[in-house]
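Notes to accompany the following structure.
The values are calculated or read from the model by the stated rules, or taken from the named source; none is laboratory data. Not measured: the values here are computed from a predicted model. Here the Cβ positions follow ideal geometry from the backbone for every residue, glycine too, while neighbour counts run over all protein chains shown. Heavy atoms of the whole protein, side chains included, go into the accessibility calculation; ligands, DNA and RNA do not. Shrake-Rupley method; radii C 1.70, N 1.55, O 1.52, S 1.80 Å.
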Amino acid sequence: MAMAVDRSASAVENDLPARPSWLRGEEAAGLALISPTALYALLLLGIPILTVFAYSFWTQNYLEIDRSFTFENYRVALTEPIYRDLLLRSLAISLVVSVVTVVVSYPVAWFISFHGGSHKNLLLFLITVPCWTSYLLRVMSWKMILGYQGVLNTGLMSLGITSEPIASLLYNSNAVAITLVHSWAAFAILPIYVSLEKIDRSLVEAGRDLGDGPVRSFLRVVLPLSMPGVVSALLIVMIPTVGDYVTPRLVGGKDGVMIATAIQAQFGKAANWPLGAALSVTTMAIVSVMAGACALLLKFAARRIR
């Protein structure tokens, strides 16, 4: 009786049309899992980006948008000195901030991973605590530290290092870079720490058994194996810092203005959305190329170290 039922079930299954491979087993489960997220990302990220991309090829005619296709906005964005200089300054600040942040964050992540012991979770918790506060509040705190009558100037004068406040600490590109490094350090520490935690400690011990000292073992084993975390940290910092608007506005002054300020002005007071869109698309494209080049360079360097 049981055998007859099994044969009937098999016959029914054979009669059913074959399902596509992407609807079978794990593929179907994976597709069902990512579909809501993919749709959400498409609606909230893809459509706005496509809208900005479309606007960049149109023209602002006073209160109306001329939807005739044109590259004029891109010509202005790439050739006008004011926009070109702002873009180059933004890219330079972003690259410097990314490199400095990774260099500062790596020793912290390495110490927690290799010497944190039972206190790893506590140390990671303490690192993320500043991120609980408002980003605006953290930027304003650096304005108080670097200000003319700020904490740093007061301390330098109290120690007799300077006789009067240093005015060049604030309202320049250096102040923007310092503030951004502090703001994004925690976001760089975490991916580097995760990458370091994945390293098999027996590989480090094997290198030392073969005669490698601490420095050589770090350069030949730990650093190359942790390079995915370094690349992730670099991209996490580089991409958003190019378009940062709050930090340059509060601590940058006229010498620390970045491209995001010009983009905001075009979408705001200037009411020239097509030009603002062209500046945005140009920035995104250049940052993507620069980030990809940095990632490839780091991977090549890791292979050379090995």
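Looking at the range 254-274, can you tell me whether even one residue there is open to solvent by less than 60 Å² (accessible area, probe 1.4 Å), in a helix (DSSP H, G or I), under 30 Å from residue 67 (Cα atoms) and touching a strand residue (DSSP E or B) at 6+ places or on another chain (Cβ under 7 Å)? Within the range 254-274, one or more residues are open to solvent by less than 60 Å² (accessible area, probe 1.4 Å), in a helix (DSSP H, G or I), under 30 Å from residue 67 (Cα atoms) and touching a strand residue (DSSP E or B) at 6+ places or on another chain (Cβ under 7 Å). With respect to the conditions (1) surrounded by 14 or more Cβ atoms within 10 Å (Cβ to Cβ); (2) assigned to a helix (DSSP H, G or I), residue 70 falls short on a single one, namely (2).
From the list 126, 91, exactly one residue is buried (at least 16 other Cβ atoms within 10 Å of the Cβ) and modelled with pLDDT under 95. Which is it? Outline the logic, then answer.
Working: 126 fails: buried (at least 16 other Cβ atoms within 10 Å of the Cβ).
Answer to the selection: 91.
Check the range 128-140 and report whether any residue there is in contact (Cβ under 8 Å) with a residue 40 or more places away in the chain and more than 28 Å from residue 232 (Cβ to Cβ).
Checked against the condition, which is being in contact (Cβ under 8 Å) with a residue 40 or more places away in the chain and more than 28 Å from residue 232 (Cβ to Cβ), the range 128-140 yields at least one hit.
The set of residues in the range 113-136 that are among the hydroxyl-bearing types (Ser, Thr, Tyr), assigned to a helix (DSSP H, G or I) and more than 26 Å from residue 225 (Cα to Cα) contains only 135. Tallying residues that are modelled with pLDDT under 90 and farther than 15 Å from residue 90 by Cα within the range 271-296 yields 6.
From the list 193, 171, which residue is at positive phi, within 31 Å of the chain's Cα centre (by Cα) and of a type in the set (Ser, Thr, Tyr)?
Numbers: 193 fails: at positive phi.
Within the list 193, 171, the selection yields 171.
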